[in-house]
Amino acid sequence: MTCCLETTDKETFSRLLKRAAWRIQYKIKTVKNKEIEMEDSIPLGITPNFEDEVISRIFIEELLSSIPNLRNRSIIKKIILEGYTEKEVASQLNISQQAVNKCKRKAIKDMKEHICHLIDS
């Protein structure tokens, strides 16, 4: 009788462990899907020389200044340049993660419009 209980306990434990692992995977997947990634991001610190590094930093500053809303600009700085997640930024600003995502998308749209304007000029 002890053998049957151990087998049942092992099966129960295995089932609970699999369920917990699935929940963790699902949560990671949903967080990843909620946060859009910036396409064609500019790599920092990978430039071959000082002049290219300076040009990259000037371009980044120009892109950031093309975002008219200061809150959106700070959100982009924290997420893209400093590596915070949307959830972390949301808790810092006492707003929802969804609001951070919306601000980020708006800021990216502003930067893309600025780039298109530069290309058309």
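The values are calculated or read from the model by the stated rules, or taken from the named source; none is laboratory data. Owing to the predicted nature of the structure, the values given are computational and were not obtained by experimental measurement. Backbone-built Cβ (ideal geometry, glycine too); neighbour counts: all protein chains shown. Heads up: the accessible areas ignore ligands, DNA and RNA and are worked out on the full protein's heavy atoms, side chains in. Shrake-Rupley method; radii C 1.70, N 1.55, O 1.52, S 1.80 Å.
Computed with a 1.4 Å probe on the full set of protein chains, the accessible area for Ile95 sits at about 50 Å². Solvent exposure of Leu118, expressed as accessible area, is near 70 Å², computed with a probe of 1.4 Å over the protein chains only. Ranking Ser65, Leu93, Gly83 by how far each Cα lies toward the positive end of the dipole of the stretch 56-121 (charges on Cβ) leaves Leu93 at the top. For the residue pairs Lys78/Lys104; Lys29/Lys109; Lys18/Lys87, alpha carbon separations beyond 18 Å are given by Lys29/Lys109; Lys18/Lys87.
Normalised by residue number, the volume inside the convex hull of the Cα atoms of the stretch 65-111 is 58 Å³ per residue. Stretching Cys116 away from Arg19 to a fully extended chain increases their span by 30.2 nm, per 0.36 nm per residue minus the current alpha-carbon distance.
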